[in-house]
1. Quick check on the range 111-121. Is at least one of its residues among the aliphatic types (A, V, I, L, M), assigned to a helix (DSSP H, G or I), touching a residue at least 12 places away in the same chain (Cβ under 8 Å) and more than 30 Å from ASN205 (Cα to Cα)?
2. Can you give me the number of residues within the range 26-43 that are surrounded by 22 or more Cβ atoms within 10 Å (Cβ to Cβ) and either out of contact with any Pro (no Cβ under 8 Å at 6 or more places or on another chain) or without any contact (Cβ under 8 Å) to a residue 24 or more places away in the chain (or both)?
3. Please specify each residue of the range 54-78 satisfying the condition of being touching a residue at least 12 places away in the same chain (Cβ under 8 Å) and of a type in the set (Gly, Ala, Ser).
4. Pick from the range 69-89 the residues that are outside any helix (DSSP H, G or I) and crowded, with 18+ Cβ neighbours inside 10 Å: which of them is farthest from the chain's Cα centre (by Cα)?
5. Has the range 237-255 got any residue that is under 15 Å from MET1 (Cβ atoms), touching a Ser or Thr at 6+ places or on another chain (Cβ under 7 Å) and buried (at least 18 other Cβ atoms within 10 Å of the Cβ)?
6. Looking at the structure I just gave you, is VAL109 under 22 Å from ASP70 (Cβ atoms), under 21 Å from the mean Cα position of the chain (by Cα), assigned by TED's automatic domain parsing to the domain that holds ASP29 and β-branched (Val, Ile, Thr)?
7. Can you confirm whether the range 61-78 contains a residue that is among the charged types (D, E, K, R), in contact with a Phe, Trp or Tyr (Cβ under 8 Å, 6 or more places away or on another chain) and within 29 Å of SER158 (Cβ to Cβ)?
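The values are calculated or read from the model by the stated rules, or taken from the named source; none is laboratory data. For clarity, every value in this text was computed on a predicted model and none was experimentally measured. Positions of Cβ are generated from backbone atoms using ideal geometry, with glycine treated the same way; all protein chains shown enter the neighbour counts.
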Amino acid sequence: MRSLLFVPGDSEKKFEKALAGDADALIIDLEDSVAAANKAAARVSAASFIGRARAAATTKTLIVRVNPLDSDLTDDDLAAVVAAAPDAVMLPKAQGGADVQHLSSKLAVAEARADRPAGATRIIAIATETASAIFGLASYAGSSARLDGLTWGAEDLSADIGGEANRDGDGRFSPPYRLARDLMLFAAASARVRAIDTVYVDFRNEAGLRAECEEARRDGFTAKMAIHPAQVAIINDVFTPDAKTIARAKRIVAAFADNPSLGVVGMDGEMVDRPHLLRAQGVLARAKAAGVDPD
């Protein structure tokens, strides 16, 4: 899963366009992109769309962003959509592992009522949308077997701390938001779940998007969220390992396979050890998931 495209939960037209597009995952949004008066209708539309997508045997991952746990809307969201069998629920305004556990309990009830297998619905948490959430990042590790990914948000965080902007004059995140990003990356690694980068809101700036994707991939993120279909191609391209990267990864894996008793092997004048092997195995796994056969 490289690209995750947001789709408003009350837009039938955008549903069909997104389903026909190239995003690996669709985030059907019941939160920020849906006005309060449209929440009930959006739930019905979202469930209907997931049902149609399932009937069409889509290969896309289908995620529903529900409303926050403190909104009194979450239970209605889950009651409407869990029966349609989304792959995951995205939890906004998450404060830490306790919120993931809370949502997991709610999902267990919704799954039982919908006669779905227990644990079938995974959780992706947006982990940095409030200042207080930063201090709960370590608590995601071990919080729930459902937890499948963490991502971060800079827009809500900026509002929460009273910032005038979250990017500097060069378009890069300024230090407070950079800190939130980096801590979330460590939290995802600690929890052994996907690290998903946040959206790039200037959707017409292709060069800026590509640079931010490349930086995220370099640092350890495996995917990025998108707010516009035009962003998907760049995200997919950057997060798909290229031929050169795959070839090097295969050579590293082969070198250790040929020398099972060694902890360090020499390659191209460089000493390669276990961390290099783990990174190479990750590259090959991502290539395979992206449909690029590394064999």
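1. Quick first cut of the range 111-121, residues among the aliphatic types (A, V, I, L, M) only: 112, 114, 118, 120.
Adding the requirement that they be assigned to a helix (DSSP H, G or I) leaves 112.
Applying the additional criterion that residues be touching a residue at least 12 places away in the same chain (Cβ under 8 Å) yields none.
No, the range 111-121 has no match at all.
2. Total meeting the criteria: 4.
3. Quick first cut of the range 54-78, residues touching a residue at least 12 places away in the same chain (Cβ under 8 Å) only: 54, 56, 58, 60-70, 73-78.
The answer is ALA56, and nothing else.
4. My answer is LEU73.
5. Scanning the range 237-255 turns up at least one residue that is under 15 Å from MET1 (Cβ atoms), touching a Ser or Thr at 6+ places or on another chain (Cβ under 7 Å) and buried (at least 18 other Cβ atoms within 10 Å of the Cβ).
6. Details: under 22 Å from ASP70 (Cβ atoms): yes; under 21 Å from the mean Cα position of the chain (by Cα): no; assigned by TED's automatic domain parsing to the domain that holds ASP29: yes; β-branched (Val, Ile, Thr): yes.
Criteria not met by VAL109.
7. yes
So that you can scan it fast, the table gives a plain yes or no per residue for (1) at pLDDT 95 or above; (2) outside the structural domain of ASP182 (by TED's automatic domain parsing); (3) over 22 Å from the mean Cα position of the chain (by Cα); (4) not in a helix (DSSP H, G or I):
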| position | (1), (2), (3), (4) |
| --- | --- |
| GLU212 | yes, no, no, no |
| ALA216 | yes, no, no, no |
| MET225 | yes, no, no, yes |
| VAL232 | yes, no, no, no |
| LYS250 | no, yes, yes, no |
